[in-house]
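The values are calculated or read from the model by the stated rules, or taken from the named source; none is laboratory data. Because the structure is predicted, anything quoted here is derived from the model rather than measured. Here the Cβ positions follow ideal geometry from the backbone for every residue, glycine too, while neighbour counts run over all protein chains shown.
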Amino acid sequence: MIETEQLLLRAWRPADREPFAAMNADPEVMRYVGPHHPLTRAQSDDLLARIEAHWREHGYGPWCAAPRARPDACLGLVGLALPPFLPKLLPAVEVGWRFARGAWGHGYATEGAHAALGHAFGPLGLASVISIIEPDNLRSLRVAERLGMRRRRDLLHPAKRRQVCLYEISAEDAASSQRGVLTAPPAPT
């Protein structure tokens, strides 16, 4: 679990399935997220099962992002994962975020991803982290830039058959940035 100024990044709970499914059923939330259409409840539950399996297998993954004032609520997800949909990038670790539309515009994605990078470069000891973003997803592109990530190149997504932007930040760049990624979050408990 990691606490930030506004968020509690925590393990997933059974009660999170419903708000997670509602978020994934929103066409605007899913606009830039593969498969680019809303998920059914069964698809959302399957995604959450894969997230929990990623945690068990790798010791990290996307957290449930809850507001600190309401730790039982689920605003969305933020965290680290292997991007298996782009095998030529493996074993790269990706930082990602997805929030319910009502949580947009509060800085949660930047704050949560900042904490996830702190975890990546601190306890996990990663050398670099990537983010794969659709070129039309201006909100996420701005988050990546606020995190100090640099656009490296565009790639053809093999399943979507469309271009995506590859952003990256190294531990060295994160340590020297004014955002102080390495010292931001406390160690997970």
query = Regarding residue 134, is this residue farther than 19 Å from residue 20 by Cβ, touching a Leu at 6+ places or on another chain (Cβ under 7 Å) and in contact (Cβ under 8 Å) with a residue 40 or more places away in the chain?
reply = no
ask   = Give me the pairs: first residue in the stretch 26-45 and closer than 13 Å to residue 98 by Cβ, second residue basic (Lys, Arg) and surrounded by fewer than 17 Cβ atoms within 10 Å (Cβ to Cβ), beta-carbon distance under 7 Å, and six or more apart or on different chains, which are they?
value = 26/101; 28/101; 29/101; 34/160
request  = Could you please find all residues in the stretch 115-158 being among the hydroxyl-bearing types (Ser, Thr, Tyr) and either part of a strand (DSSP E or B) or under 18 Å from residue 90 (Cβ atoms) (or both)?
outcome  = 128, 131
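Identify the residue in the stretch 155-186 that is out of contact with any helix residue (DSSP H, G or I) (no Cβ under 6 Å at 6 or more places or on another chain) and at pLDDT 90 or above and, among all such residues, is surrounded by the fewest Cβ atoms within 10 Å (Cβ to Cβ). Explain how you work it out, then say what you get.
Start the filter on the stretch 155-186 by keeping residues that are out of contact with any helix residue (DSSP H, G or I) (no Cβ under 6 Å at 6 or more places or on another chain), which leaves 155-166, 168-170, 172-173, 176-180, 183, 186.
When the remaining residues are screened for being at pLDDT 90 or above, the result is 164-166, 168-170, 172-173.
Working: 164: 20, 165: 20, 166: 20, 168: 18, 169: 23, 170: 16, 172: 11, 173: 15.
Among those that are out of contact with any helix residue (DSSP H, G or I) (no Cβ under 6 Å at 6 or more places or on another chain) and at pLDDT 90 or above, it is 172.
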request  = Inspect the stretch 90-107 for any residue being over 16 Å from residue 8 (Cα atoms) and of a type in the set (Asp, Glu) and give the result as yes or no.
outcome  = yes
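In the stretch 24-46, what residues are of a type in the set (A, V, I, L, M, F, W, C) and farther than 18 Å from residue 116 by Cβ? Before you say what the answer is, go through the steps one by one.
Pass one, the stretch 24-46, residues of a type in the set (A, V, I, L, M, F, W, C): 25, 29-30, 33, 39, 42.
Result: 25, 29, 30, 39, 42.
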key: Residue satisfying condition, being of a type in the set (D, E, K, R), closer than 21 Å to residue 9 by Cβ and without any contact (Cβ under 8 Å) to a residue 40 or more places away in the chain, within set 152, 146   = 146
request  = Please find, within the stretch 92-107, the residue that is surrounded by the most Cβ atoms within 10 Å (Cβ to Cβ) out of those that are touching a strand residue (DSSP E or B) at 6+ places or on another chain (Cβ under 8 Å) and within 18 Å of residue 118 (Cα to Cα).
outcome  = 95
